[in-house]
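> First the structure, which I've put down as C-alpha cells, then a few questions once you've had a look.
We did not get these values from a lab; they are worked out from the coordinates using the rules stated. Predicted model, so just to flag it, every value in this text is computed and none were measured. Because the Cβ atoms are built from the backbone with ideal geometry, glycine has one as well, and the counts that use them run over all protein chains shown.
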Amino acid sequence: MKTVDDYLHDLQGKGFQLADDALGFIYFGKHYTNASDELVNVAVEMTLKAQKSFDGSFYLSLLENLKSNNIESRKEAILFAKKDLLISI
C-alpha cells in the first residue's frame, strides 16, 4: 500500500499537477476524517476521475461518506461508490 505522499508523487510523475491548496486540502481531509492512506488515495483517485480535476468539496464529501460507511479498502470503496454514490469510475 502506498502512503499518501507516495501516491501524490506518482500522480505528479504521470502529469497531474495538483496545486498547493489541493495538496493541503487532501491532508486536511485525511486528518479531519482520520482516514487511512489507502482510503485517502482512493478518494483522490475517484475525485479526479469523476470531476476531471481536483474538487476539494467533492473529495471531502466522498471521504466522509466512505468513513461513515466503514469502508476500509480500495475494493470496498469502488463498489460502494458505484452502488451507493452512483459514481462511474
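> Restricting to region 36-74, what's the tally of residues that are farther than 19 Å from D10 by Cβ, part of a helix (DSSP H, G or I) and charged (D, E, K, R)?
Qualifying residue count, region 36-74: 2.
> Only residues that are of a type in the set (A, V, I, L, M), surrounded by 14 or more Cβ atoms within 10 Å (Cβ to Cβ) and assigned to a loop (DSSP other than H, G, I, E, B): list them for region 1-35, please.
Restricting attention to region 1-35, the residues satisfying the condition of being of a type in the set (A, V, I, L, M) are 1, 4, 8, 11, 18-19, 22-23, 26, 35.
Going one step further and asking which of them are surrounded by 14 or more Cβ atoms within 10 Å (Cβ to Cβ), we end up with 4, 8, 11, 18, 22-23, 26, 35.
Hits for region 1-35 are L18, A35.
> Still on this structure: Only one of N70, N65 is surrounded by 12 or more Cβ atoms within 10 Å (Cβ to Cβ) and not aliphatic (A, V, I, L, M). Can you tell me which? Please lay out each step first, then the result.
Working: N70 fails: surrounded by 12 or more Cβ atoms within 10 Å (Cβ to Cβ).
None of the other options fit; the residue is N65.
> Can you list residue pairs whose Cβ atoms sit under 8 Å apart, with the first residue in region 9-25 being in contact (Cβ under 8 Å) with a residue 12 or more places away in the chain and the second being surrounded by 11 or more Cβ atoms within 10 Å (Cβ to Cβ) and hydroxyl-bearing (S, T, Y)? Count only pairs 6 or more apart in sequence or on different chains.
The qualifying pairs are F25/Y59.
> Between residues in region 47-75 that are free of Cβ contacts under 8 Å to residues at least 12 places away in the same chain and residues that are aliphatic (A, V, I, L, M), which pairs lie under 8 Å by C-beta distance while being six or more apart or on different chains?
F58/A50
> Taking the condition of being over 19 Å from N70 (Cβ atoms) and of a type in the set (D, E), how many residues in region 14-56 meet it?
So the count comes out to 4.
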